[in-house]
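Everything below concerns the one structure shown next.
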Amino acid sequence: MKKYTIGMLVSNQFGVLTRISGMFGRRGFNIDSLVVGVTEDPARSRMTITVTGEDTDRDQIIKQLEKLQDVFVVREMIPEKIVSRELILIKVSANSETRQEIIDAVNVFRNKIIDYTPDSLCIEATGETSKIEAFLELMRRYGIIELCRTGLVSLDRGTKSLGAS
């Protein structure tokens, strides 16, 4: 089983996300993460979907997505040819004994503290998934109160773009 990242350009209108997620459900594919946002063209949205499966699953997903109404471009994003980032907001228990350790870790990982209370810290972390996972593993010892993850967003390196493929 491998992780695959699929980039898509779709119509920016109601019903498109329902059709896409419905296709995954009908075919029995699980979505690991899904990020959707408007592009430089307000008539189009960009989707970045990550899935886990075999090469045959990836091929089938791409073929099925290409058949859907309002889908303009579907392409696997090759890890070596893209830049990817993920964002998390994480609330961690912090007391007078652990606060400085947590602040030091936040600084080492080049993250930001965005809320500070006597009992907790809320931290913004961005980076590649491996960096996010390493930071989460470190924070578990302090007690994660709450966590929110965006999922992966990706762009091609250089001047190549999803829309010009």
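The values are calculated or read from the model by the stated rules, or taken from the named source; none is laboratory data. None of these values were measured; they are calculated from a predicted model. Backbone-built Cβ (ideal geometry, glycine too); neighbour counts: all protein chains shown. Just so you know, the surface numbers come from the protein's heavy atoms only, side chains and all, with ligands and any DNA or RNA stripped out. Shrake-Rupley method; radii C 1.70, N 1.55, O 1.52, S 1.80 Å.
Side notes on the structure shown:
- In region 130-140 there is no residue matching the filter, namely being of a type outside the set (A, V, I, L, M, F, W, C), at negative phi and open to solvent by less than 30 Å² (accessible area, probe 1.4 Å).
- The residues of region 27-50 that are closer than 16 Å to Arg75 by Cα and touching a Lys or Arg at 6+ places or on another chain (Cβ under 7 Å) amount to a single one, Thr50.
- Residues in region 63-98 that are of a type outside the set (A, V, I, L, M), in a loop (DSSP other than H, G, I, E, B) and farther than 28 Å from Leu155 by Cβ: Asn95, Ser96, Glu97, Thr98.
- Residues of region 1-43 satisfying the condition of being more than 21 Å from Arg157 (Cα to Cα), touching a helix residue (DSSP H, G or I) at 6+ places or on another chain (Cβ under 8 Å) and not β-branched (Val, Ile, Thr): Lys2, Met23, Phe24, Arg27, Phe29, Asn30
- Hey, Glu133 at pLDDT 95 or above and touching a Leu at 6+ places or on another chain (Cβ under 7 Å) or not: no
- Scanning region 5-61 for residues that are part of a strand (DSSP E or B), surrounded by fewer than 17 Cβ atoms within 10 Å (Cβ to Cβ) and not hydrophobic (A, V, I, L, M, F, W, C) returns Ser11, Asp32, Gly37, Thr52.
- Within region 97-109, residues that are hydrophobic (A, V, I, L, M, F, W, C) reach partners that are in a helix (DSSP H, G or I) and at pLDDT 95 or above with beta carbons closer than 6 Å, at six or more positions or on different chains, in the pairs Ala105/Leu138; Phe109/Phe135.
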